[in-house]
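See below for the structure under consideration.
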Amino acid sequence: MRLGVLDIGSNTVHLLIADVIPGGRPHATTSQRTVLRLMRYLEPDGSISEEGVTALVDAVTEARKIAAKENVAELLATATSAVREAKNGKKVIARIEEALGQELQVLGGETEARFTFLAVRRWFGWSAGQILLFDIGGGSLELAAGADELPDAAASVPLGAGRMTVQYLPNDPPGDDEVDRLRKHARKTLAPVAEMFAGMPKPDHVVGSSKAIRSLAKLAGYPVPGWSGIERMVLPRSALKAWIPRIARMPADAREALPGITADRTFQIVAAAVVLHQAMKALDVEELEISPWALREGVLLRYIESLSWTAPGA
């Protein structure tokens with residue numbers, strides 16, 4: 001069966017198409033991304049501008065065409081924080097659903113964390129034990145912890161890389177005072193979350209997912225041997241801290257020359273680094289491992305589980 005997941009996030013509209021079989025891992029066939037950076041389209045009152053809505057609808061329409069061309073049997077369409085929290089969110093959702101020709105599932109922050117945690121658990125396996133997860137999107141930061149497929153604790157805070165860039169780092173490159181203001185804001189916002197997670201068992205694995213964290217790992221991390229020859233990346237907090245002033249002093253167009261920093265991340269990578277460093281510090285994490293699976297894979301896995309499979313020949 002060919003399934004598609006359309007993730008309408010704060011930074012991108014991302015279509016993932018995968019072939020699935022009972023009891024097997026999903027095999028991705030297509031991954032198509034449209035970079036939007038919706039935070040650029042936010043009006044002073046918190047609504048998404050008409051230009052932004054049009055860009056969203058165009059991206060969704062193109063994704064629907066690709067899904068139809070590739071014979072997707074079921075398209076799972078989700079939206080996260082930027083659409084969820086916009087003042088005109090209901091109207092935007094209606095426009096998206098019209099373009100899709102189907103219902104849109106709008107995920108709450110903790111639901112995002114739970115879907116992503118499921119994907120990370122499946123990637124690392126049961127032997128990974130207690131997992132602590134960090135995931136940074138354009139609009140929010142999700143955290144989750146637990147030893148099973150459903151986390152025992154999950155939280156979402158409005159510290160996404162796009163949101164923080166718009167609110168705290170508007171200049172290119174940002175000044176030291178701007179970076180310091182963001183650092184203090186992140187520390188204050190994370191304090192109650194750190195207290196919430198303080199009572200959790202010590203994690204056996206601390207994991208980071210999302211494109212922003214993968215980019216930072218390629219920049220400041222190092223590879224270690226993985227399963228079956230798969231290379232794993234580890235990101236130390238100390239190395240991340242050392243890179244922050246360096247990338248903050250560069251203009252955005254110069255950051256693209258750095259390892260792992262793609263064109264769509266150049267503006268937001270400083271905010272992502274500051275927030276991730278503060279989150280690691282708040283939860284007393286020295287380093288984290290990178291998961292290639294995140295929210296889209298979690299949505300896909302949960303849907304597969306919901307299907308009633310018939311045994312061959314039955």
State the extension gain, in nm to one decimal, for the chain segment bounded by HIS205 and MET1, taking 0.36 nm per residue of separation less the distance between their alpha-carbons. 70.2 nm
Using θ = phi - 60° and the Karplus relation 6.51 cos²θ - 1.76 cosθ + 1.60, list the HN-Hα couplings for the stretch 167-175 in order, rounded to whole Hz, with x at every Gly or Pro. 7, 10, 10, x, 8, 10, x, x, x
Which value, in Å² rounded to 10, gives the accessible area of PHE267 with a 1.4 Å probe and all protein chains present? 100
Those trypsin sites (Lys or Arg not before Pro) from the stretch 56-97 that are DSSP loop and have at most 16 other Cβ neighbours within 10 Å turn out to be LYS87
Is the C-alpha gyration tensor of the stretch 200-314 telling us rounded, prolate or oblate? Criteria: a/c under 1.5 is rounded; beyond that, a/b larger than b/c is prolate, otherwise oblate. prolate
Ignoring everything except DSSP H segments at least 4 long, calculate the 222 nm mean residue ellipticity for the chain; use -39,500 (n - 2.57) per segment, divide by total residues, nearest 500. -13500 deg cm²/dmol
Summing Lys, Arg as +1 and Asp, Glu as -1, what charge do residues with Cβ under 12 Å from the Cβ of ALA73 carry, ALA73 excluded? -2
For the chain, take N as its residue count and report Rg(C-alpha) divided by 2.2 N^0.38 Å. 0.98
Mean accessible area per residue over the chain (1.4 angstrom probe, all protein chains present, square angstrom) is 45
Please list log₁₀ I(q)/I(0) at q = 0.12 Å⁻¹ for the stretch 31-105, using the Debye equation with identical point scatterers on the alpha-carbon positions. -0.32
Compute, for the stretch 15-60, the length of the dipole vector about the Cα centre, with Cβ point charges of +1 (Lys, Arg) and -1 (Asp, Glu) only. Units Debye, rounded to 20. 360
Rg/Rg_ref, the stretch 64-114, where Rg_ref = 2.2 N^0.38 Å and atoms are Cα: 1.25
Report the charge-dipole magnitude of the chain in Debye, nearest 20, computed about the Cα centre from +1 at each Lys and Arg Cβ and -1 at each Asp and Glu Cβ. 400
Relative contact order of the chain: what whole-number percent is it, with Cα pairs under 8 angstrom and at least 6 residues apart? 18
Report, in debye and to the nearest 20, how large the dipole of the stretch 20-108 comes out about its Cα centre when Lys and Arg carry +1 and Asp and Glu carry -1 on their Cβ. 240
State the extension gain, in nm to one decimal, for the chain segment bounded by ARG246 and ALA73, taking 0.36 nm per residue of separation less the distance between their alpha-carbons. 57.6 nm
In the chain the accessible area split gives carbon plus sulfur, as whole percent at 1.4 Å, a share of 51
Log10 I(q)/I(0) at q = 0.15, 0.28, 0.29 Å⁻¹ for the stretch 151-216, from Debye over equal alpha-carbon scatterers, is -0.64, -1.28, -1.30
Stokes-Einstein D (µm²/s) once Rh is taken as the Kirkwood radius of the stretch 24-179 over alpha-carbon pairs, at 20 °C in 1.002 mPa s: 123
Signed unit charges on C-beta, dipole axis of the chain, positive-most listed residue ILE261, GLY46, PRO22: ILE261
Per-peptide average of other Cβ atoms within 10 Å, ordering 9-17, 108-116, 169-177 highest first: 9-17, 108-116, 169-177
Given Cβ charges of +1 for Lys and Arg and -1 for Asp and Glu, the option among VAL57, LEU141, LEU100 whose Cα lies farthest towards the positive end of the dipole of the stretch 54-164 is VAL57
Read phi for every residue in the stretch 296-302 and hand back ³J(HN,Hα) as whole Hz from Karplus 6.51 cos²θ - 1.76 cosθ + 1.60, θ = phi - 60°, with x for Gly and Pro. 4, 5, x, 4, 4, 5, 5
Accessible area, probe 1.4 Å, largest first, for residues HIS205, HIS277: HIS205, HIS277
Computed E for ARG302/ARG181 - FRET, C-beta separation, R0 35 angstrom, nearest 0.05: 0.35
Give the lysines reachable from LYS241 as a straight Cα distance under 22 Å; neighbours fewer than 8 places away on the same chain don't count. LYS184, LYS188, LYS211, LYS218, LYS281
Given C-alpha coordinates of the stretch 14-62, what is the ratio Rg to Rh with the Kirkwood estimate of Rh? 1.22
Stretchable slack from ALA28 to GLU51, in nm (0.36 nm times residue separation minus alpha-carbon distance): 5.1 nm
Please build a GNM for the chain, connecting alpha carbons under 10 Å apart, and tell me which residue among ILE269, ILE21, ILE48 fluctuates the most. ILE21
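The values are calculated or read from the model by the stated rules, or taken from the named source; none is laboratory data. In this text, all values refer to a predicted model and were calculated from it rather than measured experimentally. Don't worry about glycine lacking a Cβ; one is built from the backbone with ideal geometry, like all the others, and counts go over all protein chains shown. For accessibility, only protein heavy atoms count, side chains too; no ligands or nucleic acids. Shrake-Rupley method; radii C 1.70, N 1.55, O 1.52, S 1.80 Å.
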